[in-house]
1. Ignoring ligands, DNA and RNA, what percent of the 1.4 Å accessible area of region 173-310 is carbon and sulfur?
2. With θ set to phi - 60° and the Karplus curve 6.51 cos²θ - 1.76 cosθ + 1.60, what are the ³J(HN,Hα) couplings of region 161-170 in order, to the nearest whole Hz, using x for Gly and Pro?
3. Straight-line reach from Lys309: which aspartates and glutamates have Cα under 15 Å away, leaving out those fewer than 8 places along the same chain?
4. Please give the peptides 246-254, 206-214 ranked by average Cβ packing (other Cβ atoms within 10 Å per residue), highest first, as a rough proxy for protection.
5. Treat each spin label as a single point 7 Å out from the Cα along the C-beta direction, and report the Asn298 to Arg74 distance in nm.
6. Return the FRET efficiency for the residue pair Arg240, Tyr51: r is the Cβ-Cβ distance, R0 is 30 Å, and the value is rounded to the nearest 0.05.
7. Applying the Karplus parametrisation 6.51 cos²θ - 1.76 cosθ + 1.60 with θ = phi - 60° to the phi angles of region 48-57, what ³J(HN,Hα) value in whole Hz is obtained for each residue in order, glycine and proline being reported as x?
8. Stretched out fully, how many nm does the piece from Arg116 to Glu185 gain, at 0.36 nm a residue minus the Cα gap?
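The values are calculated or read from the model by the stated rules, or taken from the named source; none is laboratory data. On a predicted model such as this, the values are computed, not experimentally measured, just so you know. Cβ placement follows ideal geometry from the backbone for every residue including glycine, while neighbour counts extend to all protein chains displayed. For accessibility, only protein heavy atoms count, side chains too; no ligands or nucleic acids. Shrake-Rupley method; radii C 1.70, N 1.55, O 1.52, S 1.80 Å.
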Amino acid sequence: MAAVRLCRCRCRALLSRPAGALRARRGLAAGPEMHFGFQTVTEEERREKIYQVFENVAKKYDVMNDSMTLGIHRVWKDILVHKMNPCPGTLLLDVAGGTGDIAFRFINYVRSVRQRQLQRKLKHHQNLSWQEIFESYQKDEFNSLGNSQVVVCDINREMLEVGKQKAQHLGYSEGLSWVLGNAEELPFDDDKFDVYTIAFGIRNVTRIDLALQEAYRVLKPGGRFLCLEFSHVSNPLLSRLYDLYSFQVIPVLGEVIAGDWRSYQYLVESIRQFPPQEELKAMIEDAGFFKVDYENLNFGIVAIHSGFKL
């Protein structure tokens with residue numbers, strides 16, 4: 001009887017506890033613990049907080065990028081596209097590319113390659129009449145991208161809206177589309193794209209392993225994965241100066257320019273929590289990619305990781 005009474009007491013005690021306490025005790029609904037900057041949060045909390053960060057900063061995102069990096073981010077993105085070296089006919093998926101920086105560079109690059117191809121073609125037709133040359137030029141000029149396309153996919157609607165407005169203002173429309181989607185569950189068929197890029201986005205993905213698996217899935221055999229991301233500085237002196245600038249200056253810029261200290265404090269903290277170059281390389285290999293390597297830019301402030309689906 002004493003054992004029965006003890007059991008009943010324990011059951012009443014458990015039932016009287018808040019549901020959240022029971023879930024936390026069992027480790028169920030709360031989900032695995034993750035980092036949001038230096039905070040420890042659940043997976044769902046991290047996803048919601050990151051979405052809110054980019055919703056808050058979307059309208060000032062490009063201005064802040066210029067301010068934080070003194071404009072160097074433009075050079076890094078140029079290097080990424082030159083490393084890609086796309087040719088006319090390339091189908092690119094740019095994930096977390098909401099404001100369109102990589103997409104616009106891709107279009108400019110392919111147009112330039114296409115123009116050079118057209119000029120070389122015309123040189124080989126010296127014996128054609130003016131009318132034939134004109135008609136040939138008009139036909140090729142009409143398709144200035146050579147059937148290339150770039151799909152910009154972002155989970156944040158506000159970021160996509162900013163990108164669409166920029167595209168309209170700058171005159172980009174041909175070969176460009178915008179898709180609302182999650183990097184961890186992409187709304188595309190298998191083996192669809194020639195190249196997958198993600199620039200300053202993978203650090204903000206809740207499950208990096210799932211995002212890498214999705215990247216592998218949607219790439220065609222022979223397709224290329226390219227990731228541009230803040231990384232870990234190799235020079236100790238530069239690392240200390242970089243930390244000083246990051247923690248003392250960037251959040252202040254966020255407050256002054258975007259009116260948002262906390263979002264930029266998170267962005268700085270998230271860089272420090274992100275896996276170093278070799279660890280990210282191993283994660284990309286674990287997702288199935290081959291010939292994985294990386295290139296450090298500016299002593300490792302950022303790195304470009306590359307891999308192939310073979």
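1. On the way: 3290 of 6100 Å².
Ligands and nucleic acids excluded, carbon and sulfur reach 54 percent.
2. So the Karplus estimates, Gly and Pro as x, are 4, 4, x, 4, 5, 4, 4, 5, 5, 8 Hz.
3. Cα-Cα hits under 15 Å: Asp190, Asp191, Asp194, Glu214, Glu285, Asp286, Asp293.
4. Result, highest mean Cβ count within 10 Å first: 206-214, 246-254.
5. 1.4
6. Once rounded, the FRET efficiency stands at 0.35.
7. 5, 5, 5, 4, 5, 4, 6, 5, 6, 9
8. Working it through step by step, the gained length comes to 21.0 nm.
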